[in-house]
Structure formats: structure tokens, C-alpha cells
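K.L.:
Below you will find the structure I want to go over with you.
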Amino acid sequence: MEAFRAAWPFEGEAFWQTVFEMHKDKMQIKNPRVAIVNLEKIFTATFSLTTEKGFQAMSLRDLSSEAQISMGGLYSYIGSKEDLASVIEGVLRACIDKVVAGLNRANLEPVDFLRTLIFSEIYMVEVLRPWYQFCFMEVKGLPRSQQQQTLELELRFEKSLIEVFEKGAASGVFSCTNPQLLASQVTAQLEQWHLKQWKFKLRGVTNDDYAQFIFDNLMRCLR
């Protein structure tokens, strides 16, 4: 986990700088020093209010009060709740893409790639838990176009799994007759961990325990 945190700056000032760079063209505030402080306030408040009352029930006035930013100041960063949801989905999508692209550049063998992908997915969601939970718990309350974008996040990860299954099968390392179905099964197991982690923690299961369990089961399916 610590190695993942060191490799991928998905926390702290560096992360909020990335959020600013991704969306600065849509904001009125162009000073990064000012913007990154307030972006952190806005999104932290959004996740807090969403947990408390749900995104649908949250108003921008609620957000202004929770973030301690005036309504005028808030509109300098976001134009609507839909804009806010779009940014959250976009940030999570960009983080997933960065991790997968990094693994592809490493040119790992299929078994090593698969293990690293599983562990990285669990670590990434642990670090970005509020962003993940927003996308997958609030999806029903989003406009249809944003619902589709959020659902595509799941398909992006499945695509990476399918590709490594097929690559391993082509090289004779894996035996897999239905990579699409296997990828869907793995995704469902990971979502169970992310969305109902309390149940596993009651049993003393750690991130590493669960990641290793998923990987070991996968290897049994692929051989």
C-alpha cells in the first residue's frame, strides 16, 4: 500500500493540483494556489453531505455552507450539481487510466500484470474511497448521460482484465474459455469489498488479504 501511495500521488496537494489542471478551463479561478485549497474544501464537503443526506437532496446552498465558501465563490468553480458530478467521475476515470497505463508501460508478463492490477485496484479505491463511493452509490440520481459515464468506469477495468486474460491465453500461460464472464465475476467480487468492507473488517480481512484471495482464485480459474 505504501509503495502504491508513493508511486501514484492520489492524495495531498499534488492530487488537488492534478484536479485543478484537469478542470481549470471550466473554472473562473485561474490562480492554482487559491484554487486547490478551495477545490479540496468543495469536494470534501460534497462527499460529507452526500454521505449525510444523498446527492439528490444536497443543494448548492448546503454545499456553500458546508465548504464555508460563498455562493458567488462556489459558482467560480462549478456551475451546477451536474458539473460537480461530472468532475468527480472525470477524476476517478483519469486515475484509473493512469494506473492501467502505468502497468502497460511496465511491460509485465500476464501473471505479474494480473496480480499488480488486482492489488492496484484495491489500493486505488482505498485511497480514493469517497470518489468511488460517490460514483457507484449516487449513480441513480445522476442525469442519464452521467449515469452512462459512471457505468463505463466499471467496463474500463473489465476491459483491462479481459485483455490480460486473452494475452495470457494466447501465450499459453492461461486457459480461459470466457474472459468476459470471468472479468465480470472479478469486478463483482471487488465491488463487494469496496462497498461492504465493514463486513470483511469484522473478520479481520485486510486489503492485502482480499487482493491475494482474488488473485489466487483467479489463478485457479485460469489453469
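The values are calculated or read from the model by the stated rules, or taken from the named source; none is laboratory data. This structure is a prediction, so every number in the text was calculated from the model and none was measured. Reconstructed Cβ throughout: ideal geometry from the backbone, glycine too, with neighbour counts over all protein chains shown.
K.L.:
Counting only residues that are over 19 Å from residue 83 (Cβ atoms) and surrounded by 16 or more Cβ atoms within 10 Å (Cβ to Cβ), how many does the range 142-165 have?
P.N.:
To start, the set of residues in the range 142-165 that are over 19 Å from residue 83 (Cβ atoms) comprises 151, 154-165.
Checking the rest, the ones that are also surrounded by 16 or more Cβ atoms within 10 Å (Cβ to Cβ) come to 154, 157-158, 160-165.
Final tally of qualifying residues: 9.
K.L.:
Let me ask something else. Has the range 191-200 got any residue that is assigned to a helix (DSSP H, G or I) and among the polar types (S, T, N, Q)? Break it down stepwise before answering.
P.N.:
Of the range 191-200, the ones assigned to a helix (DSSP H, G or I) are 191-195, 197-200.
Applying the additional criterion that residues be among the polar types (S, T, N, Q) yields 192, 197.
Looking through the range 191-200, at least one residue is assigned to a helix (DSSP H, G or I) and among the polar types (S, T, N, Q).
K.L.:
Moving on. Please work out which residue is nearest to residue 211 (Cα to Cα), limiting yourself to the range 144-168 and to residues that are more than 15 Å from the chain's Cα centre (by Cα) and either outside any helix (DSSP H, G or I) or of a type in the set (Gly, Ala, Ser) (or both).
P.N.:
The residue in question is 168.
K.L.:
Also, quick follow-up: Quick check: is even one residue across the range 90-102 modelled with pLDDT of 90 or more and either outside the structural domain of residue 164 (by TED's automatic domain parsing) or more than 17 Å from residue 131 (Cβ to Cβ) (or both)?
P.N.:
yes
K.L.:
Does residue 135 satisfy being modelled with pLDDT of 90 or more and surrounded by 16 or more Cβ atoms within 10 Å (Cβ to Cβ)?
P.N.:
Numbers: modelled with pLDDT of 90 or more: no; surrounded by 16 or more Cβ atoms within 10 Å (Cβ to Cβ): yes.
Judged against the criteria, residue 135 is not a match.
K.L.:
Mind checking which residues of the range 29-54 are of a type in the set (Lys, Arg) and not in a helix (DSSP H, G or I)? It would help to see each step written out before you state the result.
P.N.:
We begin by selecting, within the range 29-54, every residue of a type in the set (Lys, Arg); these are 30, 33, 41, 53.
Result: 30, single match.
K.L.:
Answer with yes or no whether residue 161 is of a type in the set (A, V, I, L, M) and under 16 Å from residue 180 (Cβ atoms).
P.N.:
Values: of a type in the set (A, V, I, L, M): yes; under 16 Å from residue 180 (Cβ atoms): yes.
Yes.
K.L.:
Then there is this: Could you list, ordered by first residue, the pairs with Cβ atoms under 8 Å in which the first is in the range 77-106 and of a type in the set (Lys, Arg) and the second is surrounded by 13 or more Cβ atoms within 10 Å (Cβ to Cβ) and not in a helix (DSSP H, G or I), at least 6 apart or interchain?
P.N.:
That search, which allows pairs on different chains as well, returns 81/55; 81/58; 98/8.
K.L.:
Still on this structure, I have one more. Evaluate the range 185-208: report whether one residue or more is touching an Asp or Glu at 6+ places or on another chain (Cβ under 6 Å) and without any contact (Cβ under 8 Å) to a residue 60 or more places away in the chain.
P.N.:
Among the residues of the range 185-208, at least one is touching an Asp or Glu at 6+ places or on another chain (Cβ under 6 Å) and without any contact (Cβ under 8 Å) to a residue 60 or more places away in the chain, which makes the answer yes.
K.L.:
Another question, then. For the range 5-21, give me each residue that is part of a helix (DSSP H, G or I) and at pLDDT below 90. Spell out the reasoning first.
P.N.:
Taking the range 5-21 and keeping what is part of a helix (DSSP H, G or I), we get 5-7, 12-21.
Result: 5, 6, 7.
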